[in-house]
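The values are calculated or read from the model by the stated rules, or taken from the named source; none is laboratory data. Quick caveat: nothing in here was measured; it's all calculated off a predicted structure. When we count neighbours, we look across all protein chains shown, and the Cβ atoms used for this are built from the backbone with ideal geometry, even at glycine.
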Amino acid sequence: MPDSDQDASSRGSVRAVVRALRLLRLMNERAVWTLHELHGRTGLPKSTLSRLLATLRDEGYVLADAVAGSYRLGAKVRDLDGGYTEASRLVETGRTILLRVTRQIKWPLALATPDGDAIVVRYSSMPYSPLAVQTTTLGHRLGWCESALGRAYLAFCSAKERACLLDALHGAEPAPAARARIEQELAQVRAAGHAVRQPGAGVDSATLAVPVLVRGEAAAALSMTTFGKSMTRRTIAEHAPILVETARAIAEAYEAAG
């Protein structure tokens, strides 16, 4: 720990915070620790460990048994993963894969997951693409039916989830013709295995998207963005299989990570 502390300090990290986080990770390896055991594993002076443990105890992240001289993690550590969802884990798993594929095909890729009334880009490889149409799409909220990402997800999510999302968009009793049109479009996406958004008014780019299937249902959507005129039938035929294989690699890595 001391050597890595020096490395952290050279990067401008707050040493006490780094030590506390590493201590929590270490304590997660088993249920109960003594001060001597923590000293042996971390190499930190016992006085430093005592201060760290006392602070973590005051905040509720560590529990101490004064009689036994032992320490264990408190229930409050569960609060730390409250914002780290299954979607977060899927995106984290996919980042390296998307970056590798972008370097191969040059076009930028994006990974998006649902967020209420929109599908949101959680990762974009545009900064690493020589053919990017803009700096990044990270954080962009896209319409469910207007975007290729949205339609790729809707077409392959469960029927129950799809009904709930469409009800939220159009009301529980939408115009029958409008609902029929949407369902027909999604059926076409399912048949093709991908969705396409061609250039529109004021938008000179195009997108090809496929679902990321986990246990047979969409958990995210993956897209490739090109210049508007570049999204030809040839481009789709060449790159749709690459996107499908990339989506499969992400899903397999995610499931393997457990």
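Some values worked out for this structure:
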quantity: Wholly within region 24-125, helices (runs of 4 or more DSSP H) carrying at least 1 residues that are under 15 Å from the mean Cα position of the chain (by Cα) and either surrounded by 15 or more Cβ atoms within 10 Å (Cβ to Cβ) or at pLDDT 95 or above (or both); calculated: 86-105
quantity: Condition met for THR96 (of a type outside the set (A, V, I, L, M, F, W, C), touching a Leu at 6+ places or on another chain (Cβ under 6 Å) and without any contact (Cβ under 8 Å) to a residue 60 or more places away in the chain); calculated: no
quantity: Qualifying residue in region 137-156 (condition: aromatic (Phe, Trp, Tyr), at pLDDT 95 or above and assigned to a helix (DSSP H, G or I)); calculated: yes
quantity: Residue that is within 22 Å of the chain's Cα centre (by Cα) and crowded, with 23+ Cβ neighbours inside 10 Å, where the choices are ALA132, ALA152; calculated: ALA152
quantity: ALA240 vs. criteria surrounded by 17 or more Cβ atoms within 10 Å (Cβ to Cβ), small (Gly, Ala, Ser) and assigned to a helix (DSSP H, G or I); calculated: yes
quantity: Total residues in region 213-235, condition farther than 19 Å from ALA163 by Cα and touching a strand residue (DSSP E or B) at 6+ places or on another chain (Cβ under 6 Å); calculated: 7
